[in-house]
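Written below as structure tokens is the structure these notes are about.
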Amino acid sequence: MGWIALAPNTPQISDEKSLYIPHESSFKDVVDSLKSQNLLDRMWSFRVLAHATGWDQQIKAGHYVFSSPQSNLQLLQTLRKGLQTTVVLRIPEGSRKNRVADVAATNMAFEREDFLAALRDTTLAESLDTDTLHLFSYMLPETYHFYWLTDARDVVARIKREFDAFYERELSTDANARNMTPLEVLSLAAIVEWETNLDSEKNTIAGVYLNRLRKNWPLQADPTIQFALIELEGNARRLFFRDYRIQHPYNTYLYQGLPPGPITNPSPVTLRATAAAEDHTYMFFVASPNGGHTFNTDLRGHHRDAAKWRRYMAERRRQRSSDMP
């Protein structure tokens, strides 16, 4: 029996191999999974030791990683003690709920609908000092480590608490200096997230929107129109002049102030830039043919640069049309 327990019973492992054991798995299921992952040379000897020790009834569900040749004893000790390895969950930034749910379901044992249901859970949201309208925006884009079988509600709760700690540690001082609440920082940062990919101009754009808020101007933020269209039509698309007149609570061309809630989950970089928004006198900005945006303090300059951008885009469309076969 000694060699059955102690002799190596896995092929030479040159890389890490993962084993996933769902809840309610039978011992046969476990053996089949080990074999399919090429983690067993001799199934019969593994079965003999497992049955002889009674450990076939003690195997814990979860995710396990093996990185060197294993004996039957080593395999069974790991599985019966539940010595699991965490999985990595990377929350994407500037995303929509469905995409984040898809990412979470890819790495975790739950389904995408479980994650979406957690975001809709009013009791969970209240326990986290928020509501279901705003809970998703607290899904801080970072890399997390969870046990594979962690419940979706526990995942959402952990990420929300990570956001709270991040806010207190890195944002609260700057936000308090500008008399901004955490939700105001989130709502504004979510708009900035969709306005630009350039980190260097994010605090300038945040400053423009704060200037508009101080003067009681409508924000006139295109990302909020895009959000409204996604809500109404299901997908993002190019904006047309008619879209700025759609009746929707997130239309910041029609309604003053910040939208009812954040439109996405902003990145840490964008959150920092928004909390530390630049102090300036700019009131307008428009995309620039040179990349990024051009900023103006007056409407005349803004109209000039907007016309330049429209001419640039029209030329690009003409060029694409002429290149078509």
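Within segment 62-74, not a single residue is aliphatic (A, V, I, L, M) and open to solvent by less than 20 Å² (accessible area, probe 1.4 Å). For segment 75-91, a residue qualifies if it is open to solvent by 20 Å² or more (accessible area, probe 1.4 Å) and more than 16 Å from Pro22 (Cα to Cα), and the qualifying residues are Gln77, Val88, Arg90. Only residues that are open to solvent by less than 90 Å² (accessible area, probe 1.4 Å) and either β-branched (Val, Ile, Thr) or out of contact with any strand residue (DSSP E or B) (no Cβ under 9 Å at 6 or more places or on another chain) (or both) were counted across segment 7-21, and they come to 4. Annotation note: Cβ proximity below 7 Å between a residue of segment 203-224 that is under 23 Å from Leu239 (Cβ atoms) and free of Cβ contacts under 8 Å to residues at least 12 places away in the same chain and a residue that is in a helix (DSSP H, G or I) and of a type in the set (D, E, K, R) (sequence gap 6+ or interchain) occurs for no pair.
A single entry from Arg304, Arg272 fulfils the requirement of being under 26 Å from the mean Cα position of the chain (by Cα) and either open to solvent by 80 Å² or more (accessible area, probe 1.4 Å) or under 30 Å from Asn98 (Cβ atoms) (or both): Arg272. Please work out if Pro266 is under 17 Å from Val192 (Cβ atoms) and assigned to a helix (DSSP H, G or I). Against the criterion (under 17 Å from Val192 (Cβ atoms) and assigned to a helix (DSSP H, G or I)), Pro266 does not qualify. Can you work out which of the residues in segment 120-145 that are open to solvent by 80 Å² or more (accessible area, probe 1.4 Å) and either in contact with a Cys (Cβ under 7 Å, 6 or more places away or on another chain) or in a loop (DSSP other than H, G, I, E, B) (or both) is modelled with the lowest pLDDT? Selected residue: Leu133. Of all residues in segment 22-36, those satisfying the criterion of being touching a strand residue (DSSP E or B) at 6+ places or on another chain (Cβ under 9 Å) and surrounded by 15 or more Cβ atoms within 10 Å (Cβ to Cβ) are Val30, Ser33, Leu34. Tell me, yes or no, whether segment 88-96 has at least one residue that is farther than 30 Å from Val192 by Cα, among the hydrophobic types (A, V, I, L, M, F, W, C) and in a loop (DSSP other than H, G, I, E, B). Taking every residue of segment 88-96 in turn, none turns out to be farther than 30 Å from Val192 by Cα, among the hydrophobic types (A, V, I, L, M, F, W, C) and in a loop (DSSP other than H, G, I, E, B). A count restricted to segment 179-202 and to residues that are more than 23 Å from Glu168 (Cβ to Cβ), in a helix (DSSP H, G or I) and touching a Gly at 6+ places or on another chain (Cβ under 9 Å) stands at 3.
Checked against (1) within 14 Å of Ala152 (Cβ to Cβ); (2) among the polar types (S, T, N, Q); (3) open to solvent by 70 Å² or more (accessible area, probe 1.4 Å), Asn107 passes all but a single condition, namely (3).
The number of residues in segment 4-55 being of a type in the set (Asp, Glu) and touching a Phe, Trp or Tyr at 6+ places or on another chain (Cβ under 9 Å) comes to 1. Looking at this structure, is Arg242 free of Cβ contacts under 8 Å to residues at least 60 places away in the same chain, of a type outside the set (Asp, Glu), in a loop (DSSP other than H, G, I, E, B) and more than 24 Å from Thr294 (Cβ to Cβ)? Against the criterion (free of Cβ contacts under 8 Å to residues at least 60 places away in the same chain, of a type outside the set (Asp, Glu), in a loop (DSSP other than H, G, I, E, B) and more than 24 Å from Thr294 (Cβ to Cβ)), Arg242 does not qualify.
The values are calculated or read from the model by the stated rules, or taken from the named source; none is laboratory data. Nothing here was measured: the structure is a model prediction, and the numbers come from that model. All Cβ positions, even for glycine, are placed from backbone atoms using ideal geometry, and neighbour counts span all protein chains on display. Accessible surface is based on the protein model in full, side chains and every heavy atom, while ligands, DNA and RNA are left aside. Shrake-Rupley method; radii C 1.70, N 1.55, O 1.52, S 1.80 Å.
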